[in-house]
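All of the numbers you see were taken from the coordinates with simple rules; none came from a lab. Every value quoted in this text rests on a predicted model; they were computed, and no experiment measured them. A quick note on method: Cβ atoms are made from the backbone with ideal geometry, for glycine too, and the neighbour counts reach across all protein chains shown.
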Amino acid sequence: MQTGLTQDKTINKLIMLFVFDKMETAMTESTILDLCFTKNNWISFANCKETLLDIVNSGFVYKTQPMGKDIEVLYDLTTEGRVCLANFYTRIPSSIRKLISEHINLKRREYRRRQDYVANYEKCPDGSYNVTLRIDEATKTTLEINLNVTTRSTAKQIEKAWQEKAPLVYSKLEELLID
């Protein structure tokens, strides 16, 4: 959906701050781009990248580099960002605020799972596949499992199932290992 607002830098900043506020969690750049551009086109791609940089440089959002080799940088609202949004959120058209709120209410869990439950695979020289499954928190990796499977289809099946099954796997491991 084209909002027609993607050229207004102030509105773009407020939209992005509003997205952070509604998500209620730190987000990776890929999650931000997916929310604001890819899935919804609230802000154009180039303006989305520029807006994120601007609100970080303005002190409205801070970034954190979590410990761990493959964990993406996380971005979250600062107190100044919340105050700015509280003072100026009415400059975002109510129709856009409503669209953002509805979308995030429906998809918040999906975005968090995609961001926190990471799975990928790579082909080994012997033709098998190494599958890496992780549960990432804001500052660290809580769980990392490496599996070797014989086929690409099995690797893809595990990768696909991980986002749904990660909490269950974690709780079962904890239950089995800690009495």
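Rounded to the nearest 10 degrees, the inclination of helix 94-116 to the longest alpha-carbon principal axis of the chain is 20 degrees. The stretch 149-171 and the stretch 35-68 have Cα centres separated by 30 Å. Given their separation in residues at 0.36 nm each and the Cα-Cα distance between them, TYR89 and THR141 gain 15.3 nm when the chain is fully extended. Think of the chain as a dipole: +1 on every Lys or Arg Cβ, -1 on every Asp or Glu Cβ, centred on the Cα centre; then among TYR117, THR154, ILE96, ILE96 lies furthest on the positive end.
Excluding ASN148 itself, calculate the net charge of residues whose Cβ lies under 12 Å from the Cβ of ASN148, where each Lys or Arg counts +1 and each Asp or Glu counts -1. Charge balance near ASN148 sits at -1. Of the labelled options (1) 22; (2) 44; (3) 37, which one gives percent of Cα pairs over 27 Å apart as computed for this structure? Correct label, based on the coordinates given: (3).
Rounded to the nearest 10 degrees, what's the angle between the helix 79-88 long axis and the longest principal axis of the chain, both from Cα atoms, 0 to 90? Roughly 40 degrees between the two axes. Please give me the summed charge of the neighbours of GLU24: other residues whose Cβ is under 14 Å from its Cβ, Lys and Arg +1, Asp and Glu -1. After counting each charged neighbour, the total is +3.
Could you tell me which of the pairs LYS140/LYS165; LYS13/LYS63; LYS13/LYS160; LYS63/LYS160; LYS63/LYS172 are separated by over 24 angstrom between their Cα atoms in the structure shown? In this structure, LYS13/LYS160; LYS63/LYS160; LYS63/LYS172 exceed 24 Å between Cα atoms.
Computed over neighbours whose Cβ is under 15 Å from that of TYR111, the net charge equals -3, Lys and Arg +1, Asp and Glu -1.
Calculated [222 nm] ellipticity per residue, helices only, for the chain: -17000 deg cm²/dmol; basis is -39500 (n - 2.57) per DSSP H run with n ≥ 4, divided by all residues, nearest 500. Enter the angle in degrees (range 0 to 90, nearest 10) between the Cα long axis of helix 152-177 and the first principal axis of the Cα atoms of the chain, meaning the one along which they spread out most. Here the helix axis deviates by roughly 90 degrees. Descending by average beta-carbon neighbour count within 10 Å, the peptides 127-135, 152-160, 14-22, 42-50 line up as 14-22, 42-50, 127-135, 152-160, the highest first.
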